[in-house]
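To start, the structure itself, in structure tokens.
The values are calculated or read from the model by the stated rules, or taken from the named source; none is laboratory data. None of the values given here were measured: they were computed from a predicted structure. All Cβ positions, glycine included, derive from the backbone under ideal geometry; neighbour counts span all protein chains shown. The accessibility values were calculated without ligands, DNA or RNA, using every heavy atom of the protein model including side chains. Shrake-Rupley method; radii C 1.70, N 1.55, O 1.52, S 1.80 Å.
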Amino acid sequence: MRVLAGLLLGLAALAPGAVRADDTTATPRYTEWQSSGTSKDLQAFVAKLKAMVDEADKAKAADPVFIQDLRDLIASASATTTTTPAALPTVRLFYDNFSDGNFTSNPVWKVTAGQWSVDILGSNTGMKSTIIPPGQTSSQNVKLNDVLGAILQPQTSQGTTGATYASIYTAVKITNVFKLSLQLLSKEKFGRLDIGPYQGSAGNTAYRVTYFPNGNPGLALQRVTPQGQTTLASYNQVLPLEGDKLHLIELLRDGAGTMTVSVDGKALVTAKDTTITKPFDGLLMINSGGRYVIRSVQIDGTN
């Protein structure tokens with residue numbers, strides 16, 4: 001029992017940030033150890049303590065409550081030494097607010113279908129796209145794979161009148177850990193807008209944030225590969241973003257593959273997927289129904 005008590009005190013001493021009970025200034029007692037040591041010392045101590053606790057428990061040499069307290073402390077210490085925070089984006093990779101009045105330079109966007117324009121006057125400044133297919137009030141059933149494949153090549157058969165979709169992309173190296181931030185105005189209560197990073201010359205390997213104006217689900221997070229499209233998670237409610245209010249849509253992917261889609265700072269969709277592991281080659285946007293204004297686009301990543 002005395003040995004266990006001594007080990008318990010030793011574990012408390014090894015724990016980062018330990019403070020003496022009689023120290024009214026609450027100054028860390030073990031600052032030097034924190035700055036120069038590693039977690040190996042604590043891991044070795046935890047392993048030794050666990051072995052002794054198991055032996056004491058088997059021999060019924062201590063109060064069962066005390067044994068359980070020790071096991072809880074061991075679990076806590078083990079979590080401290082083994083848990084590594086997932087990497088987060090810290091470096092700006094791309095930014096455009098279209099204040100120069102164009103999307104053709106600095107940075108370069110390329111239109112491959114439909115019509116896109118930039119307006120720097122009035123309240124709806126930004127890059128614009130409008131798709132209103134004749135006789136169609138909803139584009140929820142449009143399959144993204146129908147417009148993939150050669151989507152990064154100009155679609156000469158797509159005119160501005162009667163077009164079923166409009167696509168535009170910018171080539172930028174995006175790390176697998178990233179944060180995409182997009183300021184958006186939506187003007188119609190129908191349609192579909194897809195936004196996300198792509199890989200390859202065809203753009204058919206990607207992650208997508210899909211917004212369905214006045215639809216249910218209102219928002220979806222999708223993975224696209226040559227094998228097809230998979231919905232990873234969705235916000236199964238109507239998401240009313242239409243009007244003159246500017247909204248912020250964000251897609252964050254951390255080092256563990258966890259992705260979160262937030263709207264105006266509120267997380268609405270979360271999913272984990274590690275299928276796509278390589279860096280991305282650019283950002284693609286597809287309007288397959290609706291009237292949208294993109295005020296700004298920012299992408300942050302890692303070194």
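Here are a few things to note about the model shown:
- Label positions at LYS50 and ALA256, each projected 7 Å from the Cα along the C-beta direction, are separated by 1.9 nm.
- Environment charge at ASP254 (Cβ cut-off 14 Å; Lys +1, Arg +1, Asp -1, Glu -1): 0
- Accessible carbon and sulfur surface of region 187-251 relative to its total accessible area, %, 1.4 Å: 44
- Normalised by the number of residues in region 206-303, the mean separation of alpha-carbon contacts (under 8 Å, six or more apart) gives a relative contact order of 18 percent.
- Burial order of peptide ranges 61-71, 165-175, 232-242 (average beta-carbon count within 10 Å, highest first): 165-175, 232-242, 61-71
- Net charge, LEU232 excluded, C-beta distance under 9 Å - Lys, Arg +1, Asp, Glu -1: +1
- As a rough guide to protection, the peptides 292-300, 269-277 ranked by mean Cβ packing within 10 Å, highest first, stand as 292-300, 269-277.
- Using the 1.4 Å probe convention, the accessible area of region 168-277 works out to 37 Å² per residue with neighbouring protein chains retained.
- Length added when fully stretched, GLU188-LYS272, from 0.36 nm per residue minus Cα-Cα: 27.1 nm
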